[in-house]
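Novice: Handing you this structure, nothing more for now.
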Amino acid sequence: MAYHTRRLLAVVVAYSPDMDLLIANISAFVRRADGVYVWDNSPEPTRVETERQLRQRFPQVVFGGVGENKGISYGLNQGWRYAREHGFDILMSMDQDSRFENFDAYYERVTGKWERDGLCLCGPTPNLHLRKAAAVGFTASIALITSGMLVPMQLLDEAGGYCEDFLVDAIDFDFCYRLREKGYESYMDNESNLIQVFGTPQSKKVLGITVHAFGYSPFRVYGIFRNHIIVWRRYHHPAVLLRHIIKQYFLNYLLKGVLLVEKQKWAKCKAACKGTIDGFRFKLK
């Protein structure tokens, strides 16, 4: 059976979602997916109301949740188990606030690549519309963002699901590196576009130059630094990941974003330091 004819389950993990964004999210792929599984980490009664509204719009959606925040990877693993029990061949993981443009074309490109070159992890280009130059084809990547990643069930089973050590951050890096150790690479589709909001975007003019920042809470900052350091240590200290951590998180985010743009500077710097220390100590709780 060709991969583009196999059964696709889209798994969306939500937490107190903006309903308009969540509906736009699901609407972009619901006609192509063979099933949609939504795991809601929201507390009651928010979870109940979200389920009520979604079922009115998408009666085919399967809904799960326990009324507390169990983390993104826990919700993805619930979707993985549902996919195994109901005979799905491909799983797509999705955040609640991202949205595909032309999902069908993305899906056909990825399944075509699997048939030509063999199985691998594939993901979209986040915010392609904001890039100055667009490429074609697929580009090898050290990791893919969780949202929009297409995973053959065979690979997900080999990985043993998603690591539940992390609540939010570095789940994607851990997953990609775990499968890389089993011989499977990660590729970004340069021609897709996933509109994705990271954090609470902020910006400020500094010496006439606009500096952008994500606006993460100190709690998220701690998790970002701790979890990525743990992944770096767990997978034998890859130099390319260390360079990514230094460039993206210490230089671009902490030194530029937090110090020049964001509020709670001291709290976030403390969180980054504590996260780094706990990452080196491999402290998971």
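The values are calculated or read from the model by the stated rules, or taken from the named source; none is laboratory data. Just so it is clear, the model here is predicted, and its values are computed rather than measured. Cβ coordinates were reconstructed from backbone atoms using ideal geometry, including for glycine residues, and neighbour counts include every protein chain displayed. Just the protein is used for accessible areas: all its heavy atoms, side chains included, with ligands, DNA and RNA removed. Shrake-Rupley method; radii C 1.70, N 1.55, O 1.52, S 1.80 Å.
Novice: So, of the residues in the stretch 75-110 that are touching a helix residue (DSSP H, G or I) at 6+ places or on another chain (Cβ under 8 Å) and among the polar types (S, T, N, Q), which turns out to be most open to solvent (accessible area, probe 1.4 Å)?
Specialist: For the stretch 75-110, the residue satisfying everything is Gln96.
Novice: List every residue pair whose Cβ atoms lie under 7 Å apart, where the two residues are 6 or more positions apart in sequence or sit on different chains, the first residue falls within the stretch 192-203 and is within 19 Å of Phe138 (Cα to Cα), and the second residue, located anywhere, is surrounded by 19 or more Cβ atoms within 10 Å (Cβ to Cβ) and at pLDDT below 75.
Specialist: Taking only residues 6 or more apart or on different chains, not a single pair turns up.
Novice: Somewhere in the stretch 269-277, is a residue under 30 Å from Leu207 (Cβ atoms), out of contact with any helix residue (DSSP H, G or I) (no Cβ under 9 Å at 6 or more places or on another chain) and open to solvent by 10 Å² or more (accessible area, probe 1.4 Å)?
Specialist: No, every residue in the stretch 269-277 fails to be under 30 Å from Leu207 (Cβ atoms), out of contact with any helix residue (DSSP H, G or I) (no Cβ under 9 Å at 6 or more places or on another chain) and open to solvent by 10 Å² or more (accessible area, probe 1.4 Å).
Novice: Let me confirm something: among Tyr216, Tyr177, Tyr222, which residue is closer than 22 Å to Trp80 by Cα and either hydroxyl-bearing (Ser, Thr, Tyr) or more than 17 Å from the chain's Cα centre (by Cα) (or both)?
Specialist: It is Tyr177.
Novice: Only one of Gly35, Gly71 is among the small types (Gly, Ala, Ser), more than 18 Å from Arg84 (Cα to Cα) and touching a Phe, Trp or Tyr at 6+ places or on another chain (Cβ under 9 Å); which?
Specialist: Of Gly35, Gly71, the one residue that is among the small types (Gly, Ala, Ser), more than 18 Å from Arg84 (Cα to Cα) and touching a Phe, Trp or Tyr at 6+ places or on another chain (Cβ under 9 Å) is Gly71.
Novice: Given the condition open to solvent by less than 70 Å² (accessible area, probe 1.4 Å), within 25 Å of Phe175 (Cβ to Cβ) and aliphatic (A, V, I, L, M), answer yes or no: does some residue in the stretch 257-268 qualify?
Specialist: Among the residues of the stretch 257-268, not one is open to solvent by less than 70 Å² (accessible area, probe 1.4 Å), within 25 Å of Phe175 (Cβ to Cβ) and aliphatic (A, V, I, L, M), which makes the answer no.
Novice: Among the residues of the stretch 43-66, is there at least one that is in a loop (DSSP other than H, G, I, E, B), out of contact with any strand residue (DSSP E or B) (no Cβ under 6 Å at 6 or more places or on another chain) and crowded, with 18+ Cβ neighbours inside 10 Å?
Specialist: Scanning the stretch 43-66, I find no residue that is in a loop (DSSP other than H, G, I, E, B), out of contact with any strand residue (DSSP E or B) (no Cβ under 6 Å at 6 or more places or on another chain) and crowded, with 18+ Cβ neighbours inside 10 Å, so the answer is no.
Novice: Restricting to the stretch 1-31, name every residue that is assigned to a loop (DSSP other than H, G, I, E, B), closer than 17 Å to His86 by Cα and either open to solvent by less than 10 Å² (accessible area, probe 1.4 Å) or at pLDDT 95 or above (or both).
Specialist: Selection gives Arg7 alone.
Novice: Between a residue in the stretch 160-182 that is closer than 15 Å to Ile229 by Cβ and modelled with pLDDT of 95 or more and any residue that is aromatic (Phe, Trp, Tyr) and not in a helix (DSSP H, G or I), which pairs come within a Cβ distance under 9 Å, given they are 6 or more apart or on different chains?
Specialist: Ile171/Tyr162; Phe173/Tyr235; Asp174/Tyr162; Asp174/Phe166; Asp174/Tyr235; Tyr177/Tyr235
Novice: Of the residues in the stretch 111-135, how many are over 13 Å from Tyr187 (Cβ atoms) and out of contact with any helix residue (DSSP H, G or I) (no Cβ under 7 Å at 6 or more places or on another chain)?
Specialist: 8
Novice: Do we find a residue being among the aliphatic types (A, V, I, L, M), closer than 26 Å to Asn193 by Cβ and at pLDDT below 95 anywhere in the stretch 45-57?
Specialist: Within the stretch 45-57, one or more residues are among the aliphatic types (A, V, I, L, M), closer than 26 Å to Asn193 by Cβ and at pLDDT below 95.
Novice: Which members of the stretch 196-213 meet the condition of being open to solvent by 40 Å² or more (accessible area, probe 1.4 Å) and touching a Ser or Thr at 6+ places or on another chain (Cβ under 7 Å)?
Specialist: Within the stretch 196-213, Ser203, Thr210, His212 meet the criteria.
Novice: For the stretch 229-272, which residues satisfy the criterion of being in contact (Cβ under 8 Å) with a residue 40 or more places away in the chain, more than 20 Å from Ile142 (Cβ to Cβ) and of a type outside the set (Gly, Ala, Ser)?
Specialist: If the condition is that a residue be in contact (Cβ under 8 Å) with a residue 40 or more places away in the chain, more than 20 Å from Ile142 (Cβ to Cβ) and of a type outside the set (Gly, Ala, Ser), then Lys256, Val258, Leu260, Val261, Glu262, Gln264, Lys268, Lys270 are the ones that fit.
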